[in-house]
Amino acid sequence: MAVLRSLNVGRPREAAWAGIGRTSIDKQPVTGPVEIGPYGPAGDQVSDTRHHGGLEKAVYAFAREDLDYWAEQLGQEVRDGQFGENLTTVGIDVNEAQVGERWRVGDAVLEVTTVRNPCNDFKMWMGRSGYDNTAWVKRFAEVSRPGPYLRVVVPGVARAGDDITVVHEPDHGVTVSTMFRALYRDPTLLPELLRVDSLSEQARRKADAYVANTRL
């Protein structure tokens, strides 16, 4: 059974090490019900609106199983919310979810839209939190399990302990992991993304450009 283990929110904090001088990556678990609106959970505020947030990146999910993998690699515990995720999940392989897949979480319905691109702020945050962040962006990318961003199809209330139910599953086969590898590791996979009707504009532009160049 897939379950929402933790619902996490964060607000902007001044941080000289962050690219824009502030960050909201420090997400903390919330006790009780939380309204999830079009731009994400109540109480969560994006700092870098150029790269995060908006309708297509309203909610970020990461699996507890993947946090446990990194805890083993890093040799110390990794708490829920440490990777900046709003939803810490259990019992669902969020990286094998297909782009366009929809989940019901509490009363809300969320749709997988795109993937996280690990950045230097993430690396710096890990180091500031006491972890070995040597080549962190590269190490994180090599695993190709970034967790998905989701848009809010139906706003609603969710809380830790709610079931996560897949209510719609596309048949194109393009998973979160496939999308990440196509965008950031193996461009030969980019044409596969064009099978996704709801593909994000940024990903479609990149895939279209690759296809056009290979035809020259």
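The values are calculated or read from the model by the stated rules, or taken from the named source; none is laboratory data. In this text the structure is predicted, and so the values were computed from the model without any measurement. As a convention, Cβ positions derive from the backbone with ideal geometry for all residues, glycine included, and neighbour counts pool all protein chains shown.
Out of Glu77, Glu111, Glu96, Glu72, I need the residue that is at negative phi, crowded, with 20+ Cβ neighbours inside 10 Å and not β-branched (Val, Ile, Thr). Which one?
Checking each option against the conditions leaves just Glu111.
Could you grab the pairs with beta carbons closer than 6 Å, sequence gap of 6+ or different chains, first residue in segment 79-108 and within 12 Å of Leu7 (Cα to Cα), second one part of a loop (DSSP other than H, G, I, E, B) and modelled with pLDDT of 95 or more?
Note: pairs meeting the criteria are Gly81/Lys27; Gly84/Ile25; Gly84/Lys27; Thr88/Asp80; Val105/Asp162; Gly106/Asp162.
Considering only residues of segment 154-169 that are crowded, with 17+ Cβ neighbours inside 10 Å and either of a type outside the set (A, V, I, L, M, F, W, C) or without any contact (Cβ under 8 Å) to a residue 60 or more places away in the chain (or both), which is nearest to Glu111 (Cα to Cα)?
If we take residues in segment 154-169 being crowded, with 17+ Cβ neighbours inside 10 Å and either of a type outside the set (A, V, I, L, M, F, W, C) or without any contact (Cβ under 8 Å) to a residue 60 or more places away in the chain (or both), then Gly156 is nearest to Glu111 (Cα to Cα).
List the helices (runs of 4 or more DSSP H) that sit entirely inside segment 148-215 and contain at least 1 residues that are polar (S, T, N, Q) and either farther than 21 Å from Arg116 by Cα or more than 19 Å from the chain's Cα centre (by Cα) (or both).
On the way: elements: 176-184, 190-193, 201-214.
The qualifying helices (runs of 4 or more DSSP H) are 201-214.
Out of everything in segment 38-58 that is surrounded by 15 or more Cβ atoms within 10 Å (Cβ to Cβ) and aliphatic (A, V, I, L, M), what residue ends up being farthest from Ser200 (Cα to Cα)?
Filtering first and then ranking leaves Val46.
Checking Thr88 against (1) touching a strand residue (DSSP E or B) at 6+ places or on another chain (Cβ under 7 Å); (2) part of a loop (DSSP other than H, G, I, E, B); (3) β-branched (Val, Ile, Thr), which single condition isn't satisfied?
That leaves (2) as the condition not met.
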